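Please read the structure below before turning to the comments.
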Protein chains: 2
Amino acid sequence: MPGRGEHTRQLIIDSALRLFRERGYAQTTMRAVASEAGVSVGNAYYYFDSKEHLVQEFYDRLQAEHRTAAEPVLRQESDFGPRLHGVLTAWLDVARPYHAFAAKFFKVAAEPDSPLSPFSAASSAPRDAAVGLLREVLEGSTAKVDADLRAELPELLWLVELGVVLYWVHDSSPEQARTRLLIDRAVPLVNRLVGLSRLRVLRSVSRDIVSLSRALRGGTAEALGRAEGSADPDRRR
Amino acid sequence: MPGRGEHTRQLIIDSALRLFRERGYAQTTMRAVASEAGVSVGNAYYYFDSKEHLVQEFYDRLQAEHRTAAEPVLRQESDFGPRLHGVLTAWLDVARPYHAFAAKFFKVAAEPDSPLSPFSAASSAPRDAAVGLLREVLEGSTAKVDADLRAELPELLWLVELGVVLYWVHDSSPEQARTRLLIDRAVPLVNRLVGLSRLRVLRSVSRDIVSLSRALRGGTAEALGRAEGSADPDRRR
DNA sequence: GTCTATAACACGATAGAC
DNA sequence: GTCTATCGTGTTATAGAC
């Protein structure tokens, strides 16, 4: 059963995301969100614990759109480099309309305890989806990679993607052209490194990277096991 | 001339930093800061444009402490790896008392337009100091590096340091032991890569990295030239 | 369980008098 | 430079209606 309140919930989300896009995050008041949705403030808080929780929905939608946009590339390309390039620029295309908005609420996602943090338990679904997409980039390609490294590579590529997003958020160039340039430069580098990973001289480097990656994930796993991220600004409220 | 209000300014900063450490960032109200300093709220805002600006001072102090703590390592070590390791762990030692505090206001630093962003114009002094410290790590070492890469390396090392800080902020392990592990793993890798950078097979990789680094700095330079970072949450106020 | 209406609270920030 | 008073906001509380 779709639930009676599901409609109300959608109304609130829709008006929130629209207002966020039109006027920015900070300038959108909860009163305005409620009023636009035709509900009371109290009702909005009945469905969403805080203003920040309204943004979680945005993540999910963006991730879904990214997958759709990446689909053609995954179907048509078989070289690792172009696949990665296509998927990263697909993200750029999908995210472009939200650039100004994203820059504003980005700080919310940066807080370690926030459920919006990409490392939080609450974000595990979109994170797994993103890593999965990058795994497809690799597995569907003809690239030959050292076996140990192959297992870690999707997570490492996700870190690359995070770096791109971080740069993108700070990128004030028109149409975020600089981020495109960054991708154009970074992808061949990654591609070359992956290709060289089986060279004898680089075996030790490769092992170092695998070990580093596992150390990193250790932290992520621990973060996942941690108390449910519940925004708490210190723990005042 | 030390300025008449300099005393008041210091009073405010001192009480702010003490309260931040004792009760956290969010839980410290501007009213409390002003009251502790024995001034009015309005007066506190006369000296500091916003609560966030109070944290800038913390940056400067931390950076100064880091340099002091790194001094012995820079004097005694000559190998690149140990020098880098020593400087990074020195940061960890210096920053440890502020871990809880840092995790809380970290989001403030993450906002692109915030003066507290490590990429902002307002942060250029601490940033240059940090890059300079890493340049000393390299220049004072016996490491032999490709000339083009050598020029870019301090900035790249600064990115590594940023990554470590990012991890540290999210690190909830006791005494941030995981971050230490991360450094133990990452430094040998960086060291090895730097050492291999002159190998013939890696020339193209090396060139890719230099080119990537320049693309990155292009963005930073642009950010530097941008309108003075003035916090503005959207531009409401 | 879903929802309204309205008031109240605490906080960051500002206005304007002195 | 300093103050007091006040505003706008996120969030909570209350008291109920369907």
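Chain B versus the axis that turns it onto chain A: the residue with the nearest Cβ and the distance in whole Å amount to B:ALA110, 2.
Fewest neighbouring Cβ atoms within 10 Å first, the residues A:GLU152, A:GLU22 line up as A:GLU22, A:GLU152.
Farthest toward the positive end of the dipole of the protein assembly as shown, out of A:HIS7, B:GLY38, A:PRO174, is the Cα of A:PRO174, where the dipole comes from beta carbon charges about the Cα centre. With its label point put 7 Å out from Cα toward Cβ, B:ARG23 sits 3.2 nm from the same residue's point in the other copies, in order from shortest. Residues A:HIS66, A:HIS99 in ascending order of nearby Cβ atoms (within 10 Å, fewest first): A:HIS99, A:HIS66. Placing +1 on the Cβ of every Lys and Arg and -1 on the Cβ of every Asp and Glu, with no other charges, gives the protein assembly as shown a dipole of roughly 380 debye about its Cα centre. When shorter helices are ignored and each DSSP H run of at least 4 residues is given -39500 (n - 2.57), the per-residue value for the protein assembly as shown at 222 nm works out to -24000 deg cm²/dmol.
For peptide A:35-42, the mean count of partner chain Cβ atoms within 10 Å of a residue's Cβ comes to 0. In this rough spin-label picture, where each label sits 7 Å from Cα along the Cβ direction, the B:SER204-A:ASP49 distance is 5.0 nm. Label-point spacing at A:ARG207 relative to the other copies reads 3.2 nm, in ascending order, each point sitting 7 Å out from Cα along Cα→Cβ. Extending 7 Å from Cα along the Cβ direction at B:ASP184 and again at A:TYR98 yields two label points whose distance is 3.9 nm. Approximating the spin labels as points 7 Å out from Cα along Cα→Cβ, the A:HIS7-to-B:SER35 distance works out to 4.9 nm. By its C-alpha gyration tensor, with a ≥ b ≥ c as the square roots of the eigenvalues, how is the protein assembly as shown shaped: rounded for a/c under 1.5, else prolate for a/b larger than b/c, else oblate? Cα axes put the protein assembly as shown in the oblate bin. In nanometers and ordered shortest first, the copy-to-copy spacing of the A:TYR98 label point, defined 7 Å from Cα toward Cβ, is 3.2. Here the residues B:ASP93, B:ASP171, ranked from fewest to most Cβ neighbours within 10 Å of their Cβ, fall in the order B:ASP93, B:ASP171.
Taken together, the values in this text are just the output of simple stated rules run on the coordinates, not laboratory data. Just so it is clear, the model here is predicted, and its values are computed rather than measured. Here the Cβ is made from the backbone with ideal geometry for all residues, glycine too, and neighbour counts use every protein chain on show.
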